[in-house]
1. Which pairs break 21 Å Cα to Cα here: LYS84/LYS255; LYS134/LYS373; LYS51/LYS96; LYS8/LYS195?
2. Residues with amide H under 5 Å of VAL40's amide H, sequence separation 5 or more or different chain, H placed in the peptide plane at 1.01 Å from N; which?
3. Search the structure for amide H atoms under 5 Å from the amide H of ILE238, placed 1.01 Å from N in the peptide plane, and list their residues when 5 or more places away or on another chain.
4. List every residue whose amide H lies under 5 Å from the amide H of ALA281, counting only residues 5 or more places away in sequence or on a different chain, with H placed 1.01 Å from N in the peptide plane.
5. To the nearest 10 square angstrom, how much accessible area does TYR130 have with a 1.4 angstrom probe?
6. With θ set to phi - 60°, apply the Karplus curve 6.51 cos²θ - 1.76 cosθ + 1.60 along region 195-203 and write out the HN-Hα couplings as whole Hz, x wherever there is a Gly or Pro.
7. Out of region 1-75, which GluC sites (Glu not before Pro) are coil in DSSP terms and have no more than 13 other C-beta atoms within 10 Å?
8. Tabulate in residue order the Karplus-calculated ³J(HN,Hα) for region 27-39, using 6.51 cos²θ - 1.76 cosθ + 1.60 with θ = phi - 60°, rounded to whole Hz; enter x for Gly and Pro.
Amino acid sequence: MVTLGCSKNLVDSEKLLCQLHRSGLRVVHNSEETGADIVVINTCGFIGDAKEESVDTILNFIQAKERGEVGQVFVMGCLSERYKTELQNEIPDVDKYFGVNDLAKIVESIGASYSEHLIGERFLTTPSHYAYLKVSEGCDRKCSFCAIPMIRGKHLSVPEEQLVHEAEFLAGKGVKELILIAQDLTYYGLDLYGKRRLASLLEKLTDSKGIEWIRLHYAYPAGFPEEVLVLMRENEKICRYLDIPFQHVSDPVLKNMRRGNTRRQSYELIRKFRAEVPGLALRTTLMVGHPGEGEKEFRELLDFVRQMRFDRLGVFCYSEEENTWGAKHLQDTIAEDVKQERMEEIMDLQAGISLELNRDKIGKQYRVVIDRKEGAYFVGRTEADSPEVDNEVLITNDSDLAPGTFVHVRITKAEEFDLFGELEVTPSTGNTK
Ligand code: SF4
């Protein structure tokens, strides 16, 4: 199994692997191993670069098939959901193409038997102490630049009881950190229960024995369910961490992006977050070069980054995506080099902010979960760091620290995107938030 793209794709792969594994097949994930009887490629079709990587991966395995190293090649996921006909014409040597909701069909096509009672179970591919929990599929938003609603369809919440069952299954496998993901996390429940139910879901998930940390990704700024903030402040298990892509802050650009929120609301929301949840770490994603972003609008965005001092930040350049509202109604007139310059200017500013924020942590103590050993260091994360995308804490220690262990660390040194520290007390299960 080869998974490309985002953590939501990874969860889909883990569900498929679970079905195949429980049907008696030997399964491996993203392995260097060659010589598989069957390869399933879970593709990404979000933006240009991701689509290219998916096509290259398919072609690589078709060549391996021609060399007799691979038996069959199956393709699933967002790229084949979006471009099935084109792919069938251009790369006919793929044995079969599937969309994003074809789990049972893929299992049957591989010759295994699909089993309903495995719903909510997964074959974990992440390090065993953390896992993603996808609380919904699809999206009802209308962002100008985004193809996801076309690929993944309307917003569909997973019923709470099914998510609680999945969380308990994962906890039973040794998972201690649950990372909640969706296209739009804050929309959870509106379709299924007629109201936002993220807070109620969180309350139930915090009852899962063994789960120590619950982390929230992909919140949406408009209509944020503020009852979640109270839970975040008062419940030990919910990380004071929020990933909320603002994309932009200038009103004319937000309007063009069809984001449904304003500059004033963005500033106010962040101030409310920080007032309600002291010590909250905020991650955001911004987009530069969207149609309508002149020098003035870009300066507003730069000022937003300077004033709001996000703990974690990623930037993307606008790329016109086929059949999106933006492609149909807006002109992509900003030169690529201007987009690149703007992205670099924001990342330079953010690197300085990140270093200052990290330096403020020197001498302070933090609860850290150990992820792995790397050279002389044990590498871990604080509650302000999500796996694979955020900062890490590098710890020197004589005795071994197993992945998934929680320790208390005093920070001794800071760099732009990493912290260094020493063990403060012996590994503890106590939860000092
Ligand atoms: S919220 Fe907007 S950017 Fe995010 S998946 Fe939905 S349409 Fe795309």
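1. Details: LYS84/LYS255 33 Å; LYS134/LYS373 28 Å; LYS51/LYS96 18 Å; LYS8/LYS195 23 Å.
Violating the 21 Å Cα-Cα cut-off are LYS84/LYS255; LYS134/LYS373; LYS8/LYS195.
2. VAL2, PHE74
3. ILE214
4. Result for ALA281 returns TYR241, LEU242.
5. Near enough 10 Å² of accessible area.
6. For region 195-203, the Karplus-derived couplings read 7, 5, 10, 4, 4, 5, 4, 4, 4 Hz, x marking Gly and Pro.
7. Working: sites: GLU14, GLU32, GLU33, GLU52, GLU53, GLU66, GLU69; in loops: GLU32, GLU33, GLU69.
Filter output for region 1-75: GLU32, GLU33, GLU69.
8. Going residue by residue, I get 10, 10, 10, 6, 9, 6, 4, 10, x, 7, 6, 9, 10 Hz, with x marking Gly and Pro.
The values are calculated or read from the model by the stated rules, or taken from the named source; none is laboratory data. All of these numbers come straight from a predicted model, not from anything done at the bench. As a convention, Cβ positions derive from the backbone with ideal geometry for all residues, glycine included, and neighbour counts pool all protein chains shown. The accessibility values were calculated without ligands, DNA or RNA, using every heavy atom of the protein model including side chains. Shrake-Rupley method; radii C 1.70, N 1.55, O 1.52, S 1.80 Å.
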